[in-house]
Amino acid sequence: MRYVGRLTLEGSVCGKPQAASSLHTYHVFVRVATSLASKPLSYNLQANCLQYKQGLSEIREECQELVLSDGQVLEIMKRLLTELNRGLSKATHDTADVKCFTTFVQDLPNGTEKGKFLALDLGGTNFRVLIIELGGEHHFDMKSKIYAIPQKIMLGSGKQLFDHIAECLANFMIEHDLSSERLPLGFTFSFPLSQRGLTKGYLVQWTKGFDCSDCINEDVVQMLKDAIARRNDIQLDVVALLNDAVGTLVACAVRSYNCRVGLIVGTGSNACYVEKVENVELFEGDKPKPYMVINTEWGAFGDNGALEIVRTQYDREIDSHSINAGKQLHEKMISGMYMGELVRLVLVKFTKSNLLFGGKGSDMLFERGTFFTKFVSEIESDKRGTFTGCRQVLDELGLSHATDQDCVNVRYVCECVSRRAAHLVSAGVATLINKMGQLSVTVGVDGSVYRFHPYFHDLMVEKISELVTPGIKFDLMLSEDGSGRGAALVAAVACRDR
Ligand code: BGC
């Protein structure tokens, strides 16, 4: 047989060149040697290699459900557009899963904004306080401090959460000698808010592992003000409340005047874009300004079934073990909070069906949450054909018995999961770009997945190019601290307009 011949004559296994000293070769030869005792040589080699080759193609076949076809991508775009329009329309907003919230951001900065601003950035496991001085002429000076939000607070009461925020803020102001000043503050609050004004927003639902009680339908600015009043040691003026996607758009708009989309692919995922005010039915009253930034909250796309055409057993498992089952289904297929766990679930399945690691997993592999999303980036950062990052990750997970071929396969699984995320995000971005119909659009982007994954940007550029209306030009711009500087900029524009 062809494969047997290669194994013995060319030092390769099933057509894949192998280093003689590799663990993998060792593993194969041990397997072969052990079975030689009872069966004729040719039979054993053939059986081994066929089983091996079969494992490879089976992995690719099993991963097929994670690969989006062109047809599926186009269908997703169509469905997302329908949901965006349902979110914007008064008649369907309440039942729409993509809410398209008004942000009350109607003017973008031009770089000449000046002043000293505080900013709060709450949206992930960390929370930041910043002091930013905008000096006009695109100049700014920024100092910030990161504070942890313990799990106990993420799942505690709203009062505990806002007391913790106020305490960090007070400490920061004392440390930076600001406690005697009354400064304007921009509050980046990166959860779905039904905004009723630039400084009023009612929490619709928690996402990203937060579940504080007594916050739903409450105005988060009021909760912050109440917590500050309870302390009675600092003073400030909340002049703007915004989402991180909005901050990202605004921060990039200073550098690129045609920035019209803000995108986050980090712990969570979301996008905002510039919409004609006449299409924003939920915005009542006078409409003298022609545009408004819309916070799509596209993380909830699919919550009414629109993504069932592409969701897999792994997505269902992630969802059923989350604290917000049935919610944020699009986000759960994309963002950093879930990507590593998705990969782990696929690896577990393949190990159990004997396609990986010789069927032998490890306690760590079988434990929820052990495969961090940064592992996906580390594994895919290996030069193709080398396994340094991959082996480090697998060693950490107690899988040092992995063969080189296992490493190839693990990387393949990571690629399928991250590509699918990049393609879903691209479908979303292209839908927004096509909907706006502008000839040239900059997309401001932030978030750990986009920043640290070695190919996410390239995958997106490639896919969006295929999907945008011919003639439209676009570029993706990495934001410089959208949720911090963006908050100061929105605050500055708000102060200017007062
Ligand atoms: C939130 C959004 C946020 C996104 C990125 C999602 O879970 O609902 O408001 O923009 O995460 O941080």
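The values are calculated or read from the model by the stated rules, or taken from the named source; none is laboratory data. These numbers come from a predicted model, not from an experiment. In this analysis, Cβ positions are derived from the backbone assuming ideal geometry, glycine residues included, and neighbour counts consider all displayed protein chains. Please note that ligands, DNA and RNA were not included when accessible areas were found on the heavy atoms of the full protein model with its side chains. Shrake-Rupley method; radii C 1.70, N 1.55, O 1.52, S 1.80 Å.
Taken about its Cα centre, segment 376-498 carries a charge dipole of about 520 debye when Lys and Arg each add +1 at the Cβ and Asp and Glu each add -1 at the Cβ. Model label sites at residue 95 and residue 125, defined 7 Å from Cα along the beta-carbon direction, differ in position by 4.0 nm.
Hey, any idea what Rg/Rh is for segment 167-211, computing Rh the Kirkwood way over Cα pairs?
Working: Rg = 14.2 Å, Rh = 12.9 Å.
Rg divided by Rh gives 1.10.
Per-residue ellipticity at 222 nm from helix content only, as computed over the chain with -39500 (n - 2.57) for each DSSP H run of at least four residues, stands at -14000 deg cm²/dmol. If you plug the beta carbon distance of residue 229 and residue 367 into 1/(1 + (r/R0)^6) with R0 = 41 Å, you get a FRET efficiency near 0.40. Can you give the accessible area of residue 180, probe radius 1.4 Å, in Å² rounded to 10? The accessible area comes out at roughly 110 Å². Annotation for segment 77-176: trypsin sites (Lys or Arg not before Pro) lying in DSSP loop with at most 15 further Cβ atoms inside 10 Å of their Cβ are 90. Here the relative contact order of the chain, from alpha carbon pairs under 8 Å that lie six or more residues apart, stands at 19 percent. Taking only alpha carbon atoms, segment 129-261 gives an Rg to Rh ratio of 0.97, where Rh is the Kirkwood radius.
In segment 120-188, the C-alpha radius of gyration followed by the widest Cα-Cα span (Dmax) gives 13.4, 43 angstrom.
Debye-formula intensities of segment 236-379, expressed as log10 I(q)/I(0) at q = 0.12 Å⁻¹, are -0.66 (one equal scatterer per alpha-carbon, no solvent). Ordering 423-429, 411-417, 280-286 by mean Cβ neighbour count within 10 Å, with the highest value first, yields 423-429, 411-417, 280-286. In the context of the full set of protein chains, the chain has a per residue accessible area of 42 Å² (1.4 Å probe). Go through 489, 296, 171 and say which Cα lies farthest out towards the positive end of the charge dipole of the chain; charges sit on Cβ, +1 for Lys and Arg, -1 for Asp and Glu. Selected residue: 296. Between residue 204 and residue 133, the modelled labels are 3.9 nm apart [label points 7 Å from Cα along Cα→Cβ]. Roll a 1.4 angstrom probe over the protein heavy atoms and tell me the percent of accessible area of segment 236-379 that is carbon or sulfur. The C+S portion of the solvent-accessible surface of segment 236-379 is 50 percent. About its Cα centre, the dipole of the chain is roughly 1000 debye, where the only charges are +1 on Lys and Arg Cβ and -1 on Asp and Glu Cβ.
Quick one: pull the percentage of alpha-carbon pairs in the chain with a separation above 36 Å. Write down the numbers at each step before the final one.
On the way: 46077 of 123753 pairs.
Beyond 36 Å sits 37 percent of the P(r) for the chain.
Considering all C-alpha pairs of segment 321-446, those separated by over 18 Å amount to 57%. Restricting the calculation to Cα atoms, segment 315-366 yields a radius of gyration followed by a Dmax of 12.4, 37 Å. Hydrophobic, long helices, defined as DSSP H runs whose alpha-carbon span along the helix axis is 20 Å or greater and whose mean Kyte-Doolittle value is at least -1.0, occur in the chain at 41-63, 70-88, 158-175, 336-352, 404-436, 482-497. For segment 443-498, the calculated P(r), taken from all Cα-Cα distances in 10 Å bins from zero up to the bin holding the longest distance, is 20, 36, 26, 16, 1 percent. Available extension along the chain between residue 458 and residue 401 is 17.2 nm, counting 0.36 nm per residue and deducting the alpha carbon span. The amide H of residue 236, built 1.01 Å from its N in the peptide plane, has no neighbour under 5 Å, considering only residues 5 or more places off or on other chains.
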